[in-house]
Amino acid sequence: RKEVEQDPGPFNVPEGATVAFNCTYSNSASQSFFWYRQDCRKEPKLLMSVYSSGNEDGRFTAQLNRASQYISLLIRDSKLSDSATYLCVVDSGGGADGLTFGKGTHLIIQP
Amino acid sequence: SAVISQKPSRDICQRGTSLTIQCQVDSQVTMMFWYRQQPGQSLTLIATANQGSEATYESGFVIDKFPISRPNLTFSTLTVSNMSPEDSSIYLCSVLEGYGYTFGSGTRLTVV
């Protein structure tokens with residue numbers, strides 16, 4: 001069974017702090033990896049793809065460790081607006097039936 | 001990215017009735033999908049909506065319960081039939097574009 005595991009949190013972090021959370025996946029054949037952000041009562045929106053070499057987009061850094069089968073997301077200088085649920089998504093290929101969503105990590109940035 | 005209009009945004013329905021959810025995309029897309037997100041859970045794929053042929057359902061989902069239409073490359077509907085309280089969930093349509101998946105705003109369904 002394809003599985004994606006995330007720490008559900010919630011992570012309560014003061015504004016301006018750095019926060020990191022991980023996601024582990026069980027299917028070693030997984031090909032693509034993503035982080036989605038889902039605000040309360042909203043649809044998921046793509047935050048960033050995760051590349052083997054690691055990638056950075058502003059305050060967000062994503063890393064992939066294929067050997068250990070985990071993905072990480074680092075948020076620097078956190079803002080109140082970063083409060084959301086972050087979904088780890090793993091794509092094993094073959095269309096949407098190859099997508100596996102984690103249950104999400106709840107992040108709360110406190111003033 | 002594609003803009004997806006999904007409606008209704010929410011509904012409260014009596015058990016035993018059916019609800020049809022519509023998803024309109026502002027561009028032609030080959031692949032459209034329907035997901036369910038139950039309370040406290042992640043997204044689960046219900047089916048892939050195929051244009052001009054029957055939808056492809058995932059394990060645990062059947063056409064009689066979740067009939068899907070895809071009359072063209074910009075539109076799809078999902079019907080939740082003979083509803084029970086266990087069907088209370090958020091239903092989302094999604095399209096695949098070059099860089100990833102885009103989701104509709106979701107339909108929050110409560111069955112009483």
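Some notes on this structure:
- Counting only strands (runs of 3 or more DSSP E) that sit wholly inside the stretch A:25-111, those with at least 2 residues that are away from chain B (no Cβ under 14 Å) are A:60-65, A:70-75, A:105-110.
- Failed item in (1) under 10 Å from the mean Cα position of the chain (by Cα); (2) without any contact (Cβ under 8 Å) to a residue 60 or more places away in the chain, with A:LYS45 passing the rest: (1)
- Identity of the residue in the stretch B:87-99, within 11 Å of another protein chain (Cβ to nearest Cβ) and modelled with pLDDT of 90 or more, that ends up farthest from B:THR30 (Cα to Cα): B:ILE90
- Hits in the stretch B:80-112 - residues which are closer than 18 Å to A:LEU87 by Cβ and touching a helix residue (DSSP H, G or I) at 6+ places or on another chain (Cβ under 6 Å): none
- Subset of the stretch B:46-69 [within 14 Å of another protein chain (Cβ to nearest Cβ) and in contact with a Ser or Thr (Cβ under 7 Å, 6 or more places away or on another chain)]: B:ALA47, B:THR48, B:ALA49, B:ASN50, B:ALA55, B:THR56, B:ILE68
- Being touching a residue at least 24 places away in the same chain (Cβ under 8 Å), under 24 Å from B:ALA2 (Cβ atoms) and of a type in the set (Asp, Glu) holds for only one residue in A:ASP57, A:ASP91, and it is A:ASP91.
- Count of residues meeting criterion [part of a loop (DSSP other than H, G, I, E, B) and touching a residue at least 60 places away in the same chain (Cβ under 8 Å)] in the stretch B:1-51: 12
- Residue within the stretch B:52-75 that is touching a Leu at 6+ places or on another chain (Cβ under 7 Å) and without any contact (Cβ under 8 Å) to a residue 24 or more places away in the chain present: yes
- With respect to the conditions (1) away from every other protein chain (no Cβ under 14 Å); (2) within 9 Å of the chain's Cα centre (by Cα), B:LEU19 lacks only one, and its number is (2).
- For the residues B:THR56, B:THR102, B:THR77, the requirement of being surrounded by fewer than 20 Cβ atoms within 10 Å (Cβ to Cβ), modelled with pLDDT under 95 and within 29 Å of A:SER92 (Cβ to Cβ) singles out B:THR56.
- Identity of the residue in the stretch B:80-99, in a strand (DSSP E or B) and polar (S, T, N, Q), that ends up surrounded by the most Cβ atoms within 10 Å (Cβ to Cβ): B:SER94
The values are calculated or read from the model by the stated rules, or taken from the named source; none is laboratory data. Model, not experiment: these values are computed from the prediction. All Cβ positions, glycine included, derive from the backbone under ideal geometry; neighbour counts span all protein chains shown.
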